[in-house]
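Working notes, structure below.
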Amino acid sequence: MERIVNLCKRRGFIFPSAEIYGGFRSTYDYGPLGVNMLRNVKDAWWRSMVQMRDDVVGIDAAILSPSQIWEASGHLATFTDPLVDCRNCHERWRADKIAGVCPNCGSADLTEPRAFHLMFKTHAGPVEEDSSVAYLRPETAQGMFVNFLNVLQTTRKKPPFGIAQVGRSFRNEITPQNFVFRTREFEQMEMEYFVPPADAQKWFEYWLEERMNWYLGLGIPADKLHLRHHEQSELSHYSRGTADVEFLFPWGWDELEGIANRGDFDLSAHAKASGEKLDYFDPATNERYVPHVIEPAAGATRAMMAFLLAAYHEDLVEGESRTVLRLDWRLAPYQVAVLPLSKKPELEDVSREVLGILQPHFMCDYDVTQSIGRRYRRQDEVGTPYCVTVDFDSLEDRAVTVRDRDTTEQVRVPIADLVSELRRRTGEG
Ligand code: GAP
């Protein structure tokens with residue numbers, strides 16, 4: 001864990017936020033490599049959940065939202081964590097995470113738990129009065145429920161169909177912790193799948209399998225991933241059944257994603273509160289019903305952390321130890337690095353030509369500093385799957401050397417075939 005945190009800082013994946021002012025508790029900024037990788041995680045999710053399906057569409061709803069939404073969703077009443085104070089050192093903790101003892105000083109002299117509300121409250125407009133109260137959304141999900149009719153009417157979808165969204169959510173967590181695992185500002189990737197009530201269980205099981213396969217397909221090893229079904233007592237106020245996809249983090253198994261059978265809770269609650277009919281009329285059966293909802297709800301920032309942890313390896317190459325991120329090429333911040341063998345000007349033109357050929361197809365880095373061996377190590381450490389080295393022979397034979405991150409094998413490839421060769425290796429055509 002410490003190595004990942006160091007690597008993230010040193011190589012520009014994730015920085016502590018507002019660092020020049022001493023940092024701002026548990027908030028993080030994504031640097032040049034982190035922003036690429038986080039975008040790749042979200043793109044991989046969008047590709048699998050929206051692009052490759054004809055039954056799911058996307059939206060991008062507002063973050064700032066009126067109280068009515070959170071009143072109807074149940075969040076205003078129930079979205080709390082149990083807060084306790086340590087009477088000895090005055091630290092505050094989430095009672096359900098500490099087993100009755102203060103993790104800071106070891107004292108068992110704790111206050112009774114009280115409900116602490118997790119939503120960030122603000123005011124929209126210049127006057128701070130009750131009618132201007134607004135909230136930063138604590139989940140993206142409600143955006144899909146309140147737009148159910150808009151989407152139904154504009155896309156002509158019918159159940160089973162889904163609405164997907166990726167975006168920021170905010171929770172005033174009592175104890176943000178474990179790097180970007182639990183933060184107050186984070187990104188979610190959620191999909192609400194609306195189904196005929198009788199089919200809810202079937203679709204719940206379908207999405208459990210689909211979502212497990214998504215993580216496995218992007219390189220999380222099977223022995224570090226499992227499903228955990230919630231006990232009845234753990235279920236959220238809206239849920240008829242939930243299972244978490246859990247990853248083996250350095251501190252043990254913990255949640256990556258929750259998949260819930262939300263029944264008709266949300267559409268019924270918003271219909272009641274808004275007075276709009278949020279249901280579906282099936283012309284085939286002449287039946288009107290409120291669809292039930294299956295919700296795979298993932299964290300993008302949390303998933304990125306799991307992909308980094310799973311990819312981190314230290315191995316030996318030619319007797320020298322190296323750090324290598326064995327990231328799937330779809331997630332790596334750079335897919336290809338173009339490395340001129342030397343800084344000599346005669347190599348620059350052809351190196352830039354190679355870069356220009358690759359850039360429309362792959363996210364590329366271009367690095368001329370230090371020895372070629374050092375540059376290979378730097379690329380290994382940030383997970384770049386392929387290095388393309390331009391040398392003096394390239395001027396004569398119009399070919400370059402392609403080096404594979406995982407095997408360190410090198411092959412000569414004509415510049416004219418470079419894109420198709422890299423596409424073949426990454427499995428895209
Ligand atoms: N709409 C349902 C929902 O929001 P959740 O289990 O509270 O369910 C879904 O959140 C996912 O969002 C979690 O599995 C986790 O990956 C991510 N998540 C939730 N709170 C987070 C936090 N404070 N920091 C980072 N990620 C978080």
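Summary of values
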{"read-out": "Test result for P159, assigned to a loop (DSSP other than H, G, I, E, B) and surrounded by fewer than 15 Cβ atoms within 10 Å (Cβ to Cβ)", "value": "no"}
{"read-out": "Counted residues, the range 76-95 - those being open to solvent by 70 Å² or more (accessible area, probe 1.4 Å) and touching a helix residue (DSSP H, G or I) at 6+ places or on another chain (Cβ under 9 Å)", "value": "1"}
{"read-out": "Pair list, Cβ under 7 Å, 6 or more apart: the range 193-205 residue crowded, with 20+ Cβ neighbours inside 10 Å, other residue in a helix (DSSP H, G or I)", "value": "Y193/W203; Y193/W207; V195/W203"}
{"read-out": "Test result for T122, more than 16 Å from the ligand (Cβ to nearest atom) and in contact with a Leu (Cβ under 9 Å, 6 or more places away or on another chain)", "value": "yes"}
{"read-out": "Among the candidates S239, S233, residue that is of a type in the set (S, T, N, Q) and over 26 Å from D55 (Cβ atoms)", "value": "S233"}
{"read-out": "Single residue of the range 169-185 satisfying the filter (more than 7 Å from the ligand (Cβ to nearest atom), within 17 Å of the chain's Cα centre (by Cα) and part of a loop (DSSP other than H, G, I, E, B)) that is surrounded by the most Cβ atoms within 10 Å (Cβ to Cβ)", "value": "F179"}
{"read-out": "Filter result for the condition that a residue is among the β-branched types (V, I, T) and touching a helix residue (DSSP H, G or I) at 6+ places or on another chain (Cβ under 6 Å), over V166, V151", "value": "V166"}
{"read-out": "Which listed residue is over 22 Å from W46 (Cα atoms) and either at pLDDT below 95 or in a strand (DSSP E or B) (or both), from A337, A298, A271", "value": "A337"}
{"read-out": "Counted residues, the range 1-42 - those being free of Cβ contacts under 8 Å to residues at least 12 places away in the same chain and either under 17 Å from the mean Cα position of the chain (by Cα) or more than 14 Å from M305 (Cα to Cα) (or both)", "value": "10"}
{"read-out": "Search result, residues across the range 90-102 that are in contact (Cβ under 8 Å) with a residue 12 or more places away in the chain and closer than 20 Å to N172 by Cβ", "value": "E91, R92, W93, R94, A95, D96, K97, I98"}
{"read-out": "The range 96-136, subset open to solvent by 60 Å² or more (accessible area, probe 1.4 Å) and polar (S, T, N, Q), residue farthest from L83 (Cα to Cα)", "value": "S131"}
{"read-out": "Those residues of the range 208-251 which are β-branched (V, I, T) and open to solvent by 20 Å² or more (accessible area, probe 1.4 Å), in sequence order", "value": "none"}
{"read-out": "Criterion (within 14 Å of the ligand (Cβ to nearest atom), touching a residue at least 40 places away in the same chain (Cβ under 8 Å) and surrounded by fewer than 20 Cβ atoms within 10 Å (Cβ to Cβ)) met by exactly one of D266, D282, D254", "value": "D254"}
{"read-out": "Qualifying positions in the range 376-428 - among the basic types (K, R) and not in a helix (DSSP H, G or I)", "value": "R398, R403, R405, R412"}
{"read-out": "Which listed residue, of A61, A72, is open to solvent by less than 80 Å² (accessible area, probe 1.4 Å), among the hydrophobic types (A, V, I, L, M, F, W, C) and assigned to a helix (DSSP H, G or I)", "value": "A72"}
{"read-out": "Which numbered condition V324 fails, given (1) open to solvent by 10 Å² or more (accessible area, probe 1.4 Å); (2) hydrophobic (A, V, I, L, M, F, W, C); (3) in a strand (DSSP E or B); (4) closer than 30 Å to R375 by Cβ", "value": "(1)"}
{"read-out": "Condition check for D349: open to solvent by 30 Å² or more (accessible area, probe 1.4 Å) and either farther than 17 Å from V411 by Cα or not in a loop (DSSP other than H, G, I, E, B) (or both)", "value": "yes"}
{"read-out": "Failed criterion for L308 (all others in (1) away from the ligand (no atom under 14 Å from the Cβ); (2) under 16 Å from the mean Cα position of the chain (by Cα); (3) not in a helix (DSSP H, G or I) hold)", "value": "(3)"}
{"read-out": "Selected residue (criterion: nearest to the ligand (Cβ to nearest atom)) from residues of the range 285-295 that are in a loop (DSSP other than H, G, I, E, B) and surrounded by 14 or more Cβ atoms within 10 Å (Cβ to Cβ)", "value": "P291"}
{"read-out": "In the range 199-251, residue nearest to E187 (Cα to Cα) [restricted to those that are among the hydroxyl-bearing types (S, T, Y) and within 14 Å of the ligand (Cβ to nearest atom)]", "value": "Y215"}
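The values are calculated or read from the model by the stated rules, or taken from the named source; none is laboratory data. All values derive from a computational prediction rather than experimental measurement. Every residue, glycine as well, gets a Cβ built from its backbone with ideal geometry; the counts of neighbours run over all protein chains shown. Side chains are part of the model used for accessible areas, which takes the heavy atoms of the whole protein and leaves out ligands, DNA and RNA. Shrake-Rupley method; radii C 1.70, N 1.55, O 1.52, S 1.80 Å.
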